[in-house]
Amino acid sequence: MSNPAETPAPAPSDFIRDVVAGDVQAGKYDKIVTRFPPEPNGYLHIGHAKSICLNFGIAREFGGVCHLRMDDTNPTKEDVEYVDSITADVQWLIGGWADHCLGLKPKGATPATQTVNGKPDFHLGAVPVGTPGVEPFYASDYFEQIHAYAVQLIQLGKAFVCDLSAEEIDELRRNGKPSPFRGRSIEENLDLFARMKAGEFPDGARTLRAKIDVAAPNIWLRDPLLYRIRHVEHHHTGAAWRIYPMYDFAHCLSDYIEGVTHSICTLEFEVHRPLYDWILEALNLPRPLPHQFEFARLNLTYMVMSKRKLMQLVDDGLVTGWDDPRMPTISGIRRRGVPAVALRDFAYNIGITKYDGLTEIGALDHAIRSYLNEHALRRFAVLRPIKIVLTNLPDNHFEELDAFNLPNAPEDTRRVPFTKELFIDADDFMEIPPPKYFRLRPGGEVRLKYGYIIQCDEVVKNEAGEIVELRCTVDLTTKRGGPNGDRKVKGTIHWVSASHSVDAEVRLYDRLFTVPEPDAEGGDFKKFLNPHSYEVVTAKCEPSLASASPDERYQFERLAYFSLDPESAPEKLVFNRTITLKDTWAKEAQKK
RNA sequence: UGCCUUAUGGUGUAAUGGUAGCACGAGAGAUUCUGAAUCUCUUUGUCUAGGUUCGAGUCCUAGUAAGGCAACCA
């Protein structure tokens with residue numbers, strides 16, 4: 001399907017890749033290691049896709065590896081359901097592009113203890129691609145090591161156990177005042193922390209805090225929390241722990257343990273970077289330290305992106321699920337029929353910066369159309385049929401016409417049956433057409449694509465005044481190559497043979513929201529839902545579509561791109577509309 | 001309010017002190033057995049005010065605007 005002669009896209013460039021290139025040049029690391037660290041508390045969306053493309057893109061461009069890691073330090077919010085969907089989505093998105101850079105580890109593996117430069121050290125790296133029995137990395141696999149680092153911090157006099165409530169801590173931090181427990185002895189801290197671990201105290205009774213600077217201008221340096229007590233089971237570690245590390249403590253150490261070199265996250269973590277660096281530097285670690293870089297998350301018009309809002313759409317039944325083709329989730333986009341390449345092209349086109357902008361959905365649409373135009377097989381299908389009777393043909397007329405599977409590849413053809421009775425789309429006939437309407441009208445002519453020119457002689461209606469059929473005459477001299485094959489008419493339309501057509505359920509998806517910024521200014525984004533975002537029709541398809549493949553993409557000529565839905569079955573075809581063709585006529589007609 | 005970050009056509013981006021370019025969109029035309037695609041042309045931009053410099057989108061200062069953080073979430 002893909003053309004090997006395609007010119008490869010130029011290597012992307014951005015401020016993060018500039019840093020990586022500099023580090024490679026300077027020989028700072030043995031190998032570039034990035035990571036994609038989702039929290040398994042929801043489905044991945046197109047914003048994550050941007051991050052995946054960045055992290056895996058850097059890995060493949062610099063001969064490195066990108067670890068898939070579950071950032072699962074908060075057992076109250078996370079679930080294995082999400083681990084599975086995340087893994088599947090990542091593999092789909094990087095398939096055929098960066099599979100060789102996917103960093104996984106042996107199932108059940110935890111960090112090894114090693115000695116580096118005479119110092120004890122914890123390390124867990126990725127296993128070669130293709131190794132059987134692998135799974136993603138889990139931050140929770142490092143709880144033992146992270147705990148050991150916490151103990152070390154206490155011994156260094158750089159962390160203490162605090163008995164204050166959340167509210168009290170908040171109050172003091174706001175005012176830059178120290179906790180009264182800040183001066184506890186190392187022995188007492190060690191003892192209390194051990195008892196926290198043993199489960200002696202209820203949730204919220206005590207925390208472990210870093211001892212940094214209570215008056216620092218950056219809030220995250222005002223003795224931040226490192227550990228909290230949570231008497232809950234964890235989806236990955238079970239009942240092993242009663243204390244769980246906070247993001248800031250776990251993340252930088254997870255990066256270090258895995259040998260990550262460039263830890264790339266979104267802008268909201270920018271203020272955390274000094275803490276990220278402080279923790280790693282406080283521990284006198286023997287290997288080169290990872291560094292954090294931040295880029296702007298993706299915002300798209302006509303869409304909401306927050307996990308909370310997407311969850312609401314799912315929970316309120318406003319969509320059929322996380323993989324509803326209207327959702328901006330990776331699984332939804334996939335189900336809609338968007339190829340992974342198109343999503344990657346989109347990510348490439350929008351670039352990476354620190355500017356928090358709003359990208360027009362048209363940029364995504366363009367990437368999708370551009371790929372599909374090159375690769376989708378052309379087929380005929382009629383969404384809203386009108387019957388045509390070719391009155392000058394015998395009842396049993398049958399012939400097969402050659403049709404191109406792809407434009408610009410005339411040798412690649414299929415045969416479509418042509419008979420006395422046909423269907424055309426309702427949009428392609430108007431009794432009283434506006435100016436510049438090129439399609440069929442009473443007394444007018446139109447070309448049936450790959451076939452003949454027909455003329456409409458009579459409009460037959462029922463008692464309700466609805467059109468029942470169009471009676472036309474066909475000029476059999478006008479086929480391509482025929483005596484009048486070069487005759488020009490203004491319009492060319494698609495059609496199917498009535499007696500040979502196969503029915504298919506066709507799901508017509510449109511954008512979920514009617515306004516560019518549905519979640520602007522606190523208003524209820526759900527009141528901007530597009531009531532026409534989903535419509536189902538029974539289409540009349542050319543017979544070859546009966547054997548359509550789920551791996552293939554189709555263009556129903558002059559209409560849109562489609563692909564088979566997972567619910568499709570041989571006895572009941574179901575197509576999803578991925579995206580319409582551009583329609584300048586619709587735009588023109590709307591001007592009036 | 002404090003701290004951090006950002007600001008280049010309508011949108012997304014490039015220009016690393018030396019001709020402001022690309023893509024998407026929009027508009028016009030050519031072409032067309034898809035009103036698609038393709039091709040040609042056009043349109044619009046360095047937030048403001050100072051400063052440094054032979055020269056500033058780029059460096060400095062101040063302002064303005066936008067975003068983020070101020071969770072025992074990540």
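Hey, A:ALA520 hits all of (1) surrounded by fewer than 17 Cβ atoms within 10 Å (Cβ to Cβ); (2) at pLDDT 95 or above; (3) of a type in the set (A, V, I, L, M, F, W, C) but one; which does it fall short on?
It fails just one condition, (2).
Filter the stretch A:265-309 for residues that are in a loop (DSSP other than H, G, I, E, B) and farther than 30 Å from A:ALA520 by Cα; which is nearest to RNA strand B (Cβ to nearest atom)?
Looking at residues that are in a loop (DSSP other than H, G, I, E, B) and farther than 30 Å from A:ALA520 by Cα, I get A:PRO290.
Restricting to the stretch A:212-259, and then to whatever is assigned to a loop (DSSP other than H, G, I, E, B) and on the phi > 0 side of the Ramachandran plot, can you tell me which residue is surrounded by the fewest Cβ atoms within 10 Å (Cβ to Cβ)?
A:GLY259
Let me spell it out: the conditions are (1) modelled with pLDDT of 95 or more; (2) surrounded by 17 or more Cβ atoms within 10 Å (Cβ to Cβ); (3) over 24 Å from A:ARG415 (Cβ atoms), and A:LYS572 meets all of them except one. Which number is the exception?
(2) is the only condition that A:LYS572 fails.
Could you check, for the stretch A:456-464, whether at least one of its residues is near RNA strand B (Cβ under 10 Å from one of its atoms) and not hydroxyl-bearing (Ser, Thr, Tyr)?
Among the residues of the stretch A:456-464, not one is near RNA strand B (Cβ under 10 Å from one of its atoms) and not hydroxyl-bearing (Ser, Thr, Tyr), which makes the answer no.
Can you say whether A:ALA560 is at pLDDT 95 or above and among the hydrophobic types (A, V, I, L, M, F, W, C), as far as the supplied structure shows?
For A:ALA560, the condition - at pLDDT 95 or above and among the hydrophobic types (A, V, I, L, M, F, W, C) - is met.
Answer yes or no as to whether A:LYS50 is modelled with pLDDT of 95 or more, surrounded by 22 or more Cβ atoms within 10 Å (Cβ to Cβ) and within 12 Å of RNA strand B (Cβ to nearest atom).
Yes; evaluated as a whole, the condition is true for this residue.
If a residue has to be more than 35 Å from the chain's Cα centre (by Cα) and of a type in the set (Val, Ile, Thr) to count, how many in the stretch A:111-161 make the cut?
Qualifying residue count, the stretch A:111-161: 6.
Contact list please: Cβ distance under 8 Å, first residue in the stretch A:346-372 and farther than 22 Å from A:TYR561 by Cα, second residue among the small types (Gly, Ala, Ser) and within 7 Å of RNA strand B (Cβ to nearest atom), pairs at least six apart or on different chains.
Hits for this filter: A:ILE350/A:ALA363; A:ILE352/A:ALA296; A:THR353/A:ALA296; A:LYS354/A:ALA296; A:TYR355/A:ALA296; A:ASP356/A:ALA296; A:GLY357/A:ALA296.
Hey, can you tell me all the residues within the stretch A:310-329 that are within 13 Å of A:PHE525 (Cβ to Cβ) and surrounded by fewer than 19 Cβ atoms within 10 Å (Cβ to Cβ)?
Residues satisfying the conditions are A:MET311, A:GLN312, A:ASP316, A:LEU318.
Could you list all residues from the stretch A:213-249 that are more than 8 Å from RNA strand B (Cβ to nearest atom), out of contact with any Leu (no Cβ under 8 Å at 6 or more places or on another chain) and within 30 Å of A:ALA21 (Cα to Cα)?
Result: no residue meets the conditions.
Which count do you get for residues in the stretch A:481-502 that are closer than 30 Å to A:ALA569 by Cα and either near RNA strand B (Cβ under 8 Å from one of its atoms) or among the hydroxyl-bearing types (Ser, Thr, Tyr) (or both)?
5
A quick yes/no check of all residues on (1) touching a residue at least 60 places away in the same chain (Cβ under 8 Å); (2) among the β-branched types (Val, Ile, Thr); (3) surrounded by fewer than 14 Cβ atoms within 10 Å (Cβ to Cβ):
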residue: A:LEU422; (1), (2), (3): yes, no, no
residue: A:ASP425; (1), (2), (3): yes, no, no
residue: A:ASP428; (1), (2), (3): yes, no, no
residue: A:ILE432; (1), (2), (3): no, yes, yes
residue: A:THR477; (1), (2), (3): no, yes, yes
residue: A:ASP486; (1), (2), (3): no, no, yes
residue: A:TRP495; (1), (2), (3): yes, no, no
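Can you pull out every residue in the stretch A:556-583 that is of a type in the set (Lys, Arg) and more than 13 Å from RNA strand B (Cβ to nearest atom)?
A:LYS572, A:ARG577, listed by residue number.
So which residues in the stretch A:529-554 are touching a residue at least 12 places away in the same chain (Cβ under 8 Å) and within 22 Å of the chain's Cα centre (by Cα), if there are any at all?
A:LEU529, A:ASN530, A:SER533, A:TYR534, A:PRO550, A:GLU552, A:ARG553, A:TYR554
Among the residues of the stretch A:250-264, which ones are near RNA strand B (Cβ under 9 Å from one of its atoms) and either farther than 21 Å from A:GLU233 by Cβ or in contact with a Gly (Cβ under 6 Å, 6 or more places away or on another chain) (or both)?
Within the stretch A:250-264, just A:HIS251 meets the criteria.
For (1) under 23 Å from A:ARG35 (Cα atoms); (2) out of contact with any helix residue (DSSP H, G or I) (no Cβ under 8 Å at 6 or more places or on another chain); (3) crowded, with 20+ Cβ neighbours inside 10 Å; (4) outside the structural domain of A:TRP241 (by TED's automatic domain parsing), each residue gets a yes or a no:
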residue: A:LEU124; (1), (2), (3), (4): yes, no, yes, yes
residue: A:VAL127; (1), (2), (3), (4): yes, yes, no, yes
residue: A:GLY130; (1), (2), (3), (4): yes, yes, no, yes
residue: A:VAL151; (1), (2), (3), (4): no, no, no, no
residue: A:LEU156; (1), (2), (3), (4): no, no, no, no
residue: A:ALA159; (1), (2), (3), (4): no, no, yes, no
residue: A:ASP163; (1), (2), (3), (4): no, yes, no, no
residue: A:GLU167; (1), (2), (3), (4): no, yes, no, no
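The values are calculated or read from the model by the stated rules, or taken from the named source; none is laboratory data. As the structure is a prediction and not an experimental result, all values here were calculated from the model. When we count neighbours, we look across all protein chains shown, and the Cβ atoms used for this are built from the backbone with ideal geometry, even at glycine.
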